[in-house]
Structure formats: C-alpha cells, structure tokens
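First the structure, in the form of structure tokens, and then the observations on it.
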Amino acid sequence: MKAKGALLRRLPSVDSLLAQAPIQALIDSYSRDLVIHSIRQTMELARQAIIESRPVDTEFRALLPLIEENLREMTRPSLRPLINATGVIIHTNLGRALLSVAAQHALLTAARSYNNLEYDLDSGKRGSRLTQAGQLLRELTGAEDALVVNNNASALILILSALAKDAEVIISRGQLIEIGGGFRIPDIMRESGAHLVEVGTTNRTRIADFAAALSERTALLLRVHASNFKQIGFVEQPPLGELAALAQAHGALAVDDLGSGTLLDTARFGLEREPTIPESVAAGADLVCFSGDKLLGGPQAGIIVGRAEAIGRLRRHPLTRALRVDKLTYAALIATLQHYRLDEATACIPVWQMIACPLDAIRERARAWSAAVGGAVIAGESTIGGGSLPGATLPTALLALDCDAPDQLTARLRRADPPVIARIADGRALLDPRTVLPEQDEPLLKALQSSI
Ligand SMILES: *Cc1c(COP(=O)(O)O)cnc(C)c1O
C-alpha cells in the first residue's frame, strides 16, 4: 500500500507538466485545452495502473510519448482510408464506389475555387445548376431531361411525393423490397403520401394484374429492381415496355427504379446481363432513377432521367431544393459521365477497372503477396455488391492464410494503419487483390507482416 502511495505521489501534476518545454511545443501544434485534456487522461491511466499494481514509469520522459500518442488518437479524423481486401467491389459499408482520378481532380478544383455552378458566364446572371450534367445525362441515356438529387432513396421519395401524393401507385408484390438500412418500399410510399396498390404474387405478376388494378386514382406504375436478392424458378414480371404502354394508355406514368443503373452492358464482363439505363428509357419509362455511386462509379447521388414534362414537375416540387446536391458532387459526377462519353469507362472508373481486371493479373498479385508473407493462392470469387447483380460473381485469385484463430488475425488487420479488411471462409483469412488498389500493396504487406 505504502509503495503505491509513494508512486501515486510521484506522478507529476498537470501544472508542472505544462511548464515543460516539450509540452509547450504540443500546445503550439494542438491547443491548450486538448493538451490539458490529454495530460489528465494519461495521468488517470497511470493512476489506474499503479492502483492495479501494473508497472508504471512516472518519469516525464516516459509520460511524454503517451501524451503525444493520446493527442494523435484524439485528433485523428474518424473517417479513415482503409484497404478493402474483401473482393466486394461496391461495398456498402466501406464507402461504395471509388472515384476516377479525373473525378478526384474535378472535386478538388471545385473545392478550392469559386465557380459558375449557378452563374451564366454569357449573360452575367444567375444560371441553372444542372446544365452540363444534364446535357451529358441526356446524351448518354437518350432521355429528354435529367435531375440530380442527394441519393437514389431521395430520388424515389421525390418522385412519389411530387407525382403520387394522395394517389395510387401500383407495384408488383415481388418488388416490395427492403434495400438495406431499413429502407422499405412500402414505408417510403406511406411517408410520401402515396397509396400502395400491390398486385400479383410474390413470384409471378402479369401485365393483366396491373391492368386490373388501374383506377382514376392511379398516378404511377412502379418497377423496382430487386437489387439484393434473386428470384429463380417459376417467376414472371411484365416487361417494362408493356408497363409503359399500359401507363400511357391510362394517363399514368411508368417509373423504373433501376437501383444500381448501368450505362455499360454487364455481359461484356462475363456477368449476367443487367438492363441498362438507355434501355429503360427506350422502353418508354417516363422516369428512370438510379444511384450515382453504384455501377455508375461516381459520387453519391440520385439521378433521375426521363420525359421533360415529368422531370419538370419534379423540379418544381419544394423537396427538390431540400434534396439538391452540392458543387463537389456535380464536379465529380460530370467528370465520371465524361468517361462514358469518351468510351474510357473501363480504363478510368475504378468500379469498372476492378470488374474488368483480368484474372491473370489478379493471380499475379496474389502470388506476389504469398511470396512476401506466405499463405496459399487459391481460386475464389469476387462480388459486385451494392445491390448490383445479386448472386453474380467474378472468378478471382485469393491469398488464403491458414491460422488457428482467423477471427483474431482479421481483427489485428483491422487495427493496422491503414486498417485492412479481409474476410473469413472455411477457417481461413482470405484477401482478394481485385479490390486492393495497386498503391496499397505496400501498406497491405506491412500490415500482414506485423499481424500474421
Ligand atoms: C440502392 C438502391 C436504392 C437506394 O439508393 P441510394 O443511392 O443508396 O440511396 C434504391 N432503390 C434500389 C432498387 C436500390 O438498389
């Protein structure tokens, strides 16, 4: 007891520490309040250690690095870059799509300079926000007009609120989905004041089911991409073209929520064929909505394309102002769309680069990792993720690490700097080079070397 009392008394006071030159230097680079806070925390930890009879060095020399480390921890941004070795390309929990280099530059340029976001350089007067993004979207999708909002969830809420409030929206029972994060189609219908009319059955819905449900109160026929699940077997949904024709004949609108929405034919990459955005437009959908940061490979956004009249009604709705995107999103989106126009999406947009990456190149990297840190190279599968192409996979090569406690290994990898996210299967930790950027090889191997 006595020894503990003596040790506790030997801990320096906050005031005496503040008088030390190295602490003054810390105050200069952080702030006085932060440094005091950090000293108190560090002293409290030391006090606890003494009380629990753990060895503690109470010398200033030993305490200073602890205070410095504590300050670094306290001021580190909580949004940290990490290495995605899961092989899930559009990983919803890890920030979804990465931006192309051109989009990154555009974003930075927009951030550091005033710009003509809402200014017409010819007239010197206020201009419209969407001009260039709108032009590109029209050109790439074949639609008459376009509107960009915060994300696809808000796109859907805007469409329902502006076009179907107090009116009926007909949807197939097979498409009453939950997207994730508790976003359920029936709930958002209720929120936006639209009345849901469910037709068909879970597995089969025909155009006749929609026709039978039409009434004077029908505002929209809605198709929603199943996104994160897949129905196989005895299933049927009416083609979009039939829905659009039925809507038109009845003075209603056909809306297609594509979810991911792709401008490229996914079949080119050995994947199942996804309906493309231009196909939905060509099939006659009045409005088509999709995310900016799924298969499009751009910033988070909800993009709505379609008939000028319908987009005009959306644009005039007050929610549009509340859901609008900022200059950074426009900058990154315009740069992303340019890649499609220049036919360089697979060369420049990370999502497509990863999808298009040849298996040989991936295997080569897995072998290099294995040569550096051990482990076996095995065949496996990467997934697209982000509610795109449910169940679709791409053949890949994985670094497989055998160990007694793979969950402990993956936990150590998560604590690395930058953190590395791996997955576990059959008692092994697995790392997929497909989603690891080439410049991340070095930090990845460092993390592996100190974690294995
Ligand atoms: C992902 C998805 C959404 C939501 O899009 P966010 O951009 O995440 O808001 C809406 N509908 C479908 C069908 C989706 O797959």
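Values quoted throughout were computed directly from the atomic coordinates according to the rules given, and no laboratory measurement underlies them. The model shown is predicted, which means the values in this text are computed figures rather than measured ones. Neighbour counts are summed over all protein chains in view; Cβ atoms, including those assigned to glycine, are modelled from backbone coordinates with ideal geometry.
Residues being exposed (fewer than 14 other Cβ atoms within 10 Å of the Cβ), of a type outside the set (Phe, Trp, Tyr) and under 13 Å from LEU71 (Cα atoms) are represented in segment 10-26 by at least one member. On the given criteria, is LEU328 farther than 21 Å from LEU444 by Cβ, of a type in the set (A, V, I, L, M), out of contact with any Pro (no Cβ under 8 Å at 6 or more places or on another chain) and more than 16 Å from the ligand (Cβ to nearest atom)? For LEU328, the condition - farther than 21 Å from LEU444 by Cβ, of a type in the set (A, V, I, L, M), out of contact with any Pro (no Cβ under 8 Å at 6 or more places or on another chain) and more than 16 Å from the ligand (Cβ to nearest atom) - is not met. Residues in segment 100-154 that are among the hydroxyl-bearing types (Ser, Thr, Tyr) and over 25 Å from the mean Cα position of the chain (by Cα): SER113, TYR114, TYR119, SER123, SER128, THR131. Within segment 279-295, the set of residues being closer than 18 Å to ALA155 by Cβ and of a type outside the set (S, T, N, Q) comprises VAL281, ALA285, ASP286, LEU287, VAL288, CYS289, PHE290, GLY292, ASP293, LYS294, LEU295. Looking at THR58, THR75, just one residue is hydroxyl-bearing (Ser, Thr, Tyr) and surrounded by fewer than 13 Cβ atoms within 10 Å (Cβ to Cβ), and that residue is THR75. Candidates in segment 277-328 are the residues that are among the hydrophobic types (A, V, I, L, M, F, W, C) and in a strand (DSSP E or B); of these, the one that is farthest from LEU221 (Cα to Cα) is ILE303.
Evaluation of ALA283 against the conditions (1) on the phi < 0 side of the Ramachandran plot; (2) within 16 Å of the ligand (Cβ to nearest atom); (3) surrounded by fewer than 24 Cβ atoms within 10 Å (Cβ to Cβ) shows that the sole unmet condition is (2).
Taking VAL255 as the residue in question, decide whether it is within 16 Å of the ligand (Cβ to nearest atom), β-branched (Val, Ile, Thr) and in contact with a strand residue (DSSP E or B) (Cβ under 7 Å, 6 or more places away or on another chain). Taking the combined requirement at face value, the residue satisfies it.
Taking the criterion of being farther than 30 Å from ILE452 by Cα and among the small types (Gly, Ala, Ser), the residues of segment 343-376 that qualify are ALA345, ALA347, ALA356. Residues that are touching a Leu at 6+ places or on another chain (Cβ under 9 Å), in a loop (DSSP other than H, G, I, E, B) and of a type outside the set (A, V, I, L, M, F, W, C) occur in segment 139-157; there is at least one.
Residues that are of a type in the set (Gly, Ala, Ser) and assigned to a strand (DSSP E or B) were ranked within segment 397-416; the one that is surrounded by the fewest Cβ atoms within 10 Å (Cβ to Cβ) is ALA400. Scanning segment 375-396 for residues that are assigned to a strand (DSSP E or B), small (Gly, Ala, Ser) and within 12 Å of the ligand (Cβ to nearest atom) yields GLY385, SER388.
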